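Accompanying notes for the structure given below.
Nothing in this text is a laboratory measurement; each read-out follows from the coordinates by a stated rule. All of these numbers come straight from a predicted model, not from anything done at the bench. Cβ coordinates were reconstructed from backbone atoms using ideal geometry, including for glycine residues, and neighbour counts include every protein chain displayed.
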Amino acid sequence: MWIMIVNRADSLQGTIQVPGDKSISHRAAILSAMAEGETRIENFSTAQDCQTTLKCLADLGVPISRDGTEIVVSGVGKTGFRAPRGPLDCGNSGTTARLLAGVLAGQSFDSVLTEFVGVSATHGPLAGPPNDPPEVQLRVGVRGPDKAKVERFTREIVPLVLNGPPSVTGFAGGKPKVEEIVAYWPALVDKTVVQTQVEVLA
């Protein structure tokens, strides 16, 4: 058994650098891509999910350069994205898939998002090698101007769940149905810039 004893210090002095926030980093990169001109983001998160977002933006034609935790995004505007050469691989990042779905809804080209959901979520550290996951669920999102073609796509996809009962995975109702998606952009606004107003109607 290894034991470490830490004695109480009278005071603490120094400077620390906290890691970049994942949630803010995702949104900062995507909003910078939708803007026009160059945006510099400091202390960008090094998490794999955020790297996935950068990769997807690059596949959509957004120039991105990086130096350590600082990235520079050359925005292409809200409708300046380029059609990707293939499906956008969102990896295991649900945030990437959800946020990009809202961005891609306003583009003139068709797009496909793929996301691995719950890779080894149950087995955890007891799982095998990364290239041989014991459990995985693949979620595919498709956007197109023709609803009939999108419905045909769903008929050609067989839901495959390798772990857990059907009701837990969301496939209890059979094959997915085509439905419209309304996306929203959550934002953090300083409360000091929000004016409170209450109107009472008699």
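Efficiency by 1/(1 + (r/R0)^6): what FRET value for residue 43 and residue 192, r their Cβ-Cβ distance, R0 = 25 Å, to the nearest 0.05?
So, using R0 = 25 Å, E works out to roughly 0.65.
Loop only by DSSP, 13 or fewer other Cβ within 10 Å of the Cβ. Give me the trypsin sites (Lys or Arg not before Pro) in region 1-105 that pass, ordered by residue number.
Those satisfying the criteria are 8, 78, 82, 85.
Taking region 1-70, how much of its Cα-Cα pair set, in percent, is spaced more than 14 angstrom apart?
In whole percent, the long-distance tail amounts to 66.
Would you mind computing, in nm to one decimal, how far apart the modelled labels at residue 82 and residue 152 are, each placed 7 Å from Cα along Cα→Cβ?
About 2.9 nm, to one decimal.
Over region 12-92, calculate the relative contact order: mean separation of alpha carbon pairs under 8 Å at least 6 apart, over the residue count, as a percent.
This gives 34 percent for region 12-92.
Which value in nm describes the separation of the simple spin-label points at residue 112 and residue 67, placed 7 Å from the Cα toward the beta carbon?
3.9 nm
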